[in-house]
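The values are calculated or read from the model by the stated rules, or taken from the named source; none is laboratory data. Quick caveat: nothing in here was measured; it's all calculated off a predicted structure. A quick note on method: Cβ atoms are made from the backbone with ideal geometry, for glycine too, and the neighbour counts reach across all protein chains shown. When the accessible area is computed, the model is the full protein with side chains, heavy atoms only, and any ligands, DNA or RNA have been set aside. Shrake-Rupley method; radii C 1.70, N 1.55, O 1.52, S 1.80 Å.
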Amino acid sequence: MPHGKPGNWTRRRVLHTIPAAFASSLIPCQLRSLVSQDKPAAAPFSRFVDVAESAGLTKTMVYGGTDHITYIVELNGGGCAFFDYDNDGWMDIFILGGRRLEGIPPGSSNRLYHNNRDGTFTDVTEKAGLFDCGWACGVCVGDYNNDGFEDLFLTYYGQNRLYRNNGDGTFTDVTRKAGLLYPTTRFGSGATFFDYNRDGLLDLFVSNYVVIDLANAPKPSLDVPNCNYEGVATNCGPTGLPAPQHFLYRNNGDGTFTDVSKQSGIAAMQGSYGFTAVAFDADEDGWQDIYVACDATPSMLLMNNHDGTFREEALVRGVALGPGGILMGGMGVGQGDYDLDGHIDLLKTHFQNQPTGLYRNNGKAEFEDVTAPAGLSAERRFISWGTALADFDNDGYPDIFIATGTVYPELERVYAKYPAHSPRILFRNQGNGRFVELGDEAGPAISAKHQSRGAAFGDFDNDGDIDIVIMNRNEPPSLLRNDVPPGNHWLKVRLEGTKSNRSALGSRVIVHYGGKTQAQCLTSQSSFLSSNDPRLHFGLGKVTTADVDVYWPTGVKEIFKGVAADQLLTIREGQGIVEGRPFR
Amino acid sequence: MRRLYIYLGVMIATCGLCAAGSSVCTPPQNLQTKLQTQPTADSYAEVGMWYANHDQYGCAVGAYRAALKREPKSAELLYLLGLNLLRNRDFNDAIKPLQQSIELEPKVLKPHLLLATALEELHRGADARVEWLVALKIDPHSDVALEGASKNFLATRNFEAVIGLLGPQPKGEGLTLDLASAYQGAGSTDQAIEVLRKGLDANPSSRALTHELVANLALLQRYQEAARLGKKLVEQSPKDLDAQVLYLHVLVLSDDEDLARPLAHKLLAIARHDFGVLYLNGVLENRAGNFAAGRKFLEQAVALNPNHYNCHYDLGISLANLNDSQGAKEQFEKALALGASEPSVRFEYAKALRTLGETKLSDEQLKLYQQEQKAKADRTLAASKMAQADKELSDGDPKKAAELYRDALAVLPDYAMLQYKLSVALDRAGDTASEREALQKAVQIDPAMAIAHRQLGYLAFNSGDFATAEEEFRTAVRAAPGFTDAWVSLAATLATESRHREAEEAVQRALEIDPHHANALELQKELADGVAGPSNQ
């Protein structure tokens, strides 16, 4: 009989639910108390101040419903980018926006802000030809035609767009001309320029999120699985929606691209809800691989076979899933060398109740999940998006920043546990493989609460540190100025390809300083659907000189010894250190 | 057993009796004198009642047997004999007098209830069901009969019958729990929650209903609601260990470690040997990275309940993280052998195998893991499409519903219920040919799918193919003997073929299951009047 003693029966039944229903019960987390015993190091850390308003980043980034979200297309929000579109040596800002289901409110559009070199920006969106009010999602930056000016590729729910930089402050939508139009609606998300076949031309990988047709899409409902959360009707998915195909386009060198998804094997790699795509040489074999953070499905690591094809090996290489084979809600990706062993590690942001994952690379693309020993497990309060492994205080150890924000604004009214706006997360690298979470001591901009998505990392004021621009849904962006503590040194490296692609995307740079070795790579997309300042920034601590090794994407290695700290180093492939763009 | 004691409790309470027991069959002096002077059936019955009132059921049985010698055709004495045999746990012996009592007075409720109870105790569920249903025919509002019948149906997983029997919101805690169980068993946990909520509105202090509601909310991953209610339950009953463990479980599921850890420690202090307390402490320690402590708790939990596969799994996690890959492997193997079906078990097993150098086996397990994940994803997608389709169907758009069912079938083609649901949508859309095709696929996948056979029979009947109709209806009732509608359809078909005797038998079967079935009653009447035909379905 189902009811013996009711208590025993229900307990027994519920006691069988833990692994099925609760992913993180399987996660070998660190003790929260243990984490709290980690005190911030005595040395002061950076403080972040949101200067968006005074800097002129004042336009609200309209994106879907504010209090209620009907469809999943409304919630992802967009990425953002630090890039120098006019080659003046100062990082400009591009932020993706959206619309509303019911229409396009005034002020909606993606935004290009020109850096006035005085701490302020000017909105040049319309002048630059970038005004557009669609469901924009991701951005990647790269000089696909090798003309010396960075171009933009944007993903959309709808039609993705390729904008060619005309070199005169304007852009032209060349999507059709480039052969990148498609006949049906796709939900583009991640995208990255990279040179998969080492021909010196930037090819393009595009991940898609879900298959959804708004005319027939399910709406929030308590009756439909995956259309509710904790008993509250919410937007549906991604689970329960079909997974899409991902695409690879080969650059033909004449301004056009050819869809090689099928030939490369990528078309067959279906079953994942793709988000951020990061191309880098994971196994250090000189060929570009691709890591794709995937939501609620296994993340993908596409290993380059050197013959135009890829094999998907995330599972066996340890970056597909969480502990216990749990499907994680993969959103953003940070890449960097947290343990200073010269190899590119991965950081992946996840859904709430799932910690941000840190995966240590042994240089052969064999990753170990070090989330727990690194002290990241206890922080799983919020849905996490834009992220980076970056050295904010220039002490020589990459730290972690995470932008957070809900996808269910409806929940806050019912449960305090799920706020509609949430703070930023900052972990300081303690130099021993462990991180400690910082709060107010890192400045008011860290504890400020928003519904954030993409974040881009770069030095907008050219003062030798890493600032952060963040896309906030239905708010103006945040611009977190990094007020770095004095005393530490730094080095920025800007690369220009000659045989390699002009943007030098895919290059790996190793800097040796004070007995430490740190690797970084130059990517077209990172964080959450965003693009970072292409000038690689290395904090050097107290050290004033460093050696620099550059691994160009075509396979050539160059070494530069005894480089002085506190400067922007411009290296042109095959020509050494050259005079670069203005810095200060 | 619960039913028996509840029922016997009811009887005792009705008689207003309570007594202390004695093992010697010695009635009080006045009754002894009465037996000597007036050795009638009434006197022996009076003595029997005295024994019963003093919990001397064996003695009562003897007294009633003596009474029956003097009045063998007394339905009441037979009933009282049966009652006391039951109280004395002589279930086998109780059957005959109760049956005899029923033969003499078939419309009296109580002997049916006792006979059903005795039959349940003897694990003769099918026979018991007949008695429960007859009892309900006599008194459709009898709580004991309703609960007996619903539990009988629940035991055979005939959830639809329970839902039909108990209606939208039965009275009383027990019946509410049964209805919730039926909805839960039928896969409608949300309906179960509704029933429990309404039950709690009517009976706010019911711990059993609250308990059940917390469990159902947790199963639906509505952890915040479950935790809120669980907390209330614990506050209401601070000494109820079950309630505290349930609350702890919800806190563990909802990742509220700040609340879970102190409660887990507190429960450990007061219930060190409770399986649930040990298990949840083990899970929490594992989650906190204290694998040695986790192992300690989980080893104790496994010793208490060696058949709990998740406990083996979590113990395996402890061991794997303590670098005991061989031990972990063994625990994962035990979990799998016990029926663990979560892909995570296979995933961790594969990892342990890889660590031990068993690469080939590890690869095989990883492949199985991927297959299981794929199957799970397919099921999820299909469930989502199916739920959307259900909604479209209830909103009156069968064509859109059919499209969505087909989308679901594209990922889960071998799901018989989906084929059946598609057939329903097609039926409403008027596409009979496609409906038949969907039904045929459904029964190909699940030959015992009674509702599909019944609908195929209906289609055959409508097209005048009575032989096929009869065959399908017979298949339906063979697969589900409690399927009233199928019996009625069979009866109607047989009546149409002028096989009235067989038709009457079929109607009788339907009415045994559901004495109030309107179509069956109507058909029975028409058969009696000699006017039964196809329209009576």
Exercise. For residues in the range B:350-371 being open to solvent by less than 50 Å² (accessible area, probe 1.4 Å) and facing chain A (nearest Cβ under 10 Å), which is farthest from A:Val224 (Cα to Cα)?
Worked result: B:Ser362
For this session: Within the range A:418-437, identify whether any single residue is under 22 Å from the mean Cα position of the chain (by Cα), under 20 Å from A:Met61 (Cα atoms) and aromatic (Phe, Trp, Tyr), and answer yes or no.
Result: no
For this session: Would you check which residues across the range B:188-211 are without any contact (Cβ under 8 Å) to a residue 12 or more places away in the chain and open to solvent by 60 Å² or more (accessible area, probe 1.4 Å) and list them?
Result: B:Gln191, B:Glu194, B:Asp201, B:Pro204
For this session: Working only within the range A:418-443, note down all residues that are in contact (Cβ under 8 Å) with a residue 24 or more places away in the chain, farther than 14 Å from A:Ala378 by Cβ and either open to solvent by 40 Å² or more (accessible area, probe 1.4 Å) or assigned to a loop (DSSP other than H, G, I, E, B) (or both).
Result: A:Tyr418, A:Pro419, A:Ala420, A:His421, A:Pro423, A:Arg424, A:Gln430, A:Gly431, A:Gly433, A:Glu441, A:Gly443
Exercise. Just checking, how many residues over the range B:253-309 are open to solvent by less than 20 Å² (accessible area, probe 1.4 Å), away from chain A (no Cβ under 11 Å) and outside any helix (DSSP H, G or I)?
Worked result: 1
Exercise. Can you name the residue in the range A:344-374 that is outside any loop (DSSP other than H, G, I, E, B) and open to solvent by less than 10 Å² (accessible area, probe 1.4 Å) and is also farthest from A:Asp281 (Cα to Cα) among such residues?
Worked result: A:Gly357
Problem set entry | Enumeration of residues in the range A:199-235 that are closer than 20 Å to A:Thr66 by Cβ, among the hydrophobic types (A, V, I, L, M, F, W, C) and away from chain B (no Cβ under 11 Å) | A:Leu214, A:Ala233
For this session: Mind counting the residues in the range B:241-252 that are farther than 15 Å from B:Cys311 by Cβ and at the interface with another protein chain (Cβ under 9 Å from one of its Cβ atoms)?
Result: 5
Exercise. When the residues of the range A:100-123 are filtered to those that are over 22 Å from the mean Cα position of the chain (by Cα) and basic (Lys, Arg), which remaining residue is most open to solvent (accessible area, probe 1.4 Å)?
Worked result: A:Arg117
For this session: Could you tell me whether the range B:70-88 includes any residue that is surrounded by fewer than 20 Cβ atoms within 10 Å (Cβ to Cβ) and over 25 Å from B:His112 (Cβ atoms)?
Result: yes
For this session: Give me a count of the residues in the range A:265-289 that are under 11 Å from A:Ser207 (Cβ atoms) and in a helix (DSSP H, G or I).
Result: 1
Seminar exercise, completed: Selection from the range A:301-333 of residues within 17 Å of A:Ser207 (Cα to Cα) and not in a loop (DSSP other than H, G, I, E, B) yields A:Leu301, A:Leu302, A:Met303, A:Asn304, A:Phe310, A:Arg311, A:Glu312, A:Ala314, A:Gly329, A:Val333
For this session: Identify all residues within the range A:375-405 that are acidic (Asp, Glu) and assigned to a strand (DSSP E or B); write none if there are none.
Result: A:Asp399
Exercise. Could you say whether any residue in the range B:107-120 is closer than 12 Å to B:Asn152 by Cβ and either open to solvent by 70 Å² or more (accessible area, probe 1.4 Å) or touching a residue at least 40 places away in the same chain (Cβ under 8 Å) (or both)?
Worked result: yes
Exercise. Any residue at all in the range B:472-480 that is touching a Ser or Thr at 6+ places or on another chain (Cβ under 7 Å) and among the β-branched types (Val, Ile, Thr)?
Worked result: no
Exercise. Inside the range B:393-403, can you point out the residues that are over 17 Å from B:Met417 (Cα atoms) and buried (at least 18 other Cβ atoms within 10 Å of the Cβ)?
Worked result: B:Lys400
Exercise. Does A:Pro28 fit the bill of being in a loop (DSSP other than H, G, I, E, B), within 14 Å of chain B (Cβ to nearest Cβ) and modelled with pLDDT under 95?
Worked result: yes
Exercise. If a residue has to be assigned to a loop (DSSP other than H, G, I, E, B) and open to solvent by less than 10 Å² (accessible area, probe 1.4 Å) to count, how many in the range A:452-488 make the cut?
Worked result: 7
Problem set entry | Any pair with Cβ under 6 angstrom, 6 or more apart, that starts in the range B:283-306 at a residue that is closer than 9 Å to B:Ser318 by Cβ and at pLDDT below 95 and ends at one that is open to solvent by less than 60 Å² (accessible area, probe 1.4 Å) and among the polar types (S, T, N, Q) | B:Asn286/B:Ser318; B:Phe291/B:Ser318
Problem set entry | All positions within the range B:396-420 that are in a loop (DSSP other than H, G, I, E, B) and touching a helix residue (DSSP H, G or I) at 6+ places or on another chain (Cβ under 6 Å) | B:Leu412, B:Asp414
Exercise. Quick one: would you say A:Arg413 is without any contact (Cβ under 8 Å) to a residue 12 or more places away in the chain, touching a strand residue (DSSP E or B) at 6+ places or on another chain (Cβ under 9 Å) and under 30 Å from A:Val73 (Cβ atoms)?
Worked result: yes
For this session: Evaluate the range B:134-148: report whether one residue or more is basic (Lys, Arg) and buried (at least 24 other Cβ atoms within 10 Å of the Cβ).
Result: no
